[in-house]
1. Output the residue which, of all residues in region 1-16 that are surrounded by 12 or more Cβ atoms within 10 Å (Cβ to Cβ) and of a type in the set (A, V, I, L, M, F, W, C), is modelled with the lowest pLDDT.
2. For the subset of region 19-69 comprising residues that are in contact (Cβ under 8 Å) with a residue 24 or more places away in the chain and part of a helix (DSSP H, G or I), which member is least open to solvent (accessible area, probe 1.4 Å)?
Amino acid sequence: MTTDDLSQRDEYVARIVVSEECGRVGMPGKIARALYRTAIDQGSKPGDWRGTFDPVPQEKWAAVEVFDD
C-alpha cells in the first residue's frame, strides 16, 4: 500500500523519534541489515536510525512525525 492509498483512506504513515537508548536492542540481524540498507538507499546515516519491537514509554519520545503528502 502506498502513501497515496493510505491518504485516500484518511490513514497516514507516522514515525516516532526515540532517544538513542532505545536503539536496535534485540533486533534480529536480518531486520537490522534491512534497516541499514534502507537508510543508505534513502541517503541517510544508518547510525542515526533506531528501531525496537519493545514498547517505548512516551517520555522517551523525542518527536512524532506524520507523513501526509
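1. Of region 1-16, the ones surrounded by 12 or more Cβ atoms within 10 Å (Cβ to Cβ) are 3, 6-7, 11-13, 16.
Checking the rest, the ones that are also of a type in the set (A, V, I, L, M, F, W, C) come to 6, 13, 16.
Details: 6: 68, 13: 77, 16: 84.
So, considering only residues that are surrounded by 12 or more Cβ atoms within 10 Å (Cβ to Cβ) and of a type in the set (A, V, I, L, M, F, W, C), the one modelled with the lowest pLDDT is 6.
2. Looking at residues that are in contact (Cβ under 8 Å) with a residue 24 or more places away in the chain and part of a helix (DSSP H, G or I), I get 22.
The values are calculated or read from the model by the stated rules, or taken from the named source; none is laboratory data. Predicted, not measured: the structure shown is a model, and the values here were computed from it. Neighbour counts are summed over all protein chains in view; Cβ atoms, including those assigned to glycine, are modelled from backbone coordinates with ideal geometry. In case anyone asks, the SASA skips ligands and DNA or RNA and just uses the protein heavy atoms, side chains included. Shrake-Rupley method; radii C 1.70, N 1.55, O 1.52, S 1.80 Å.
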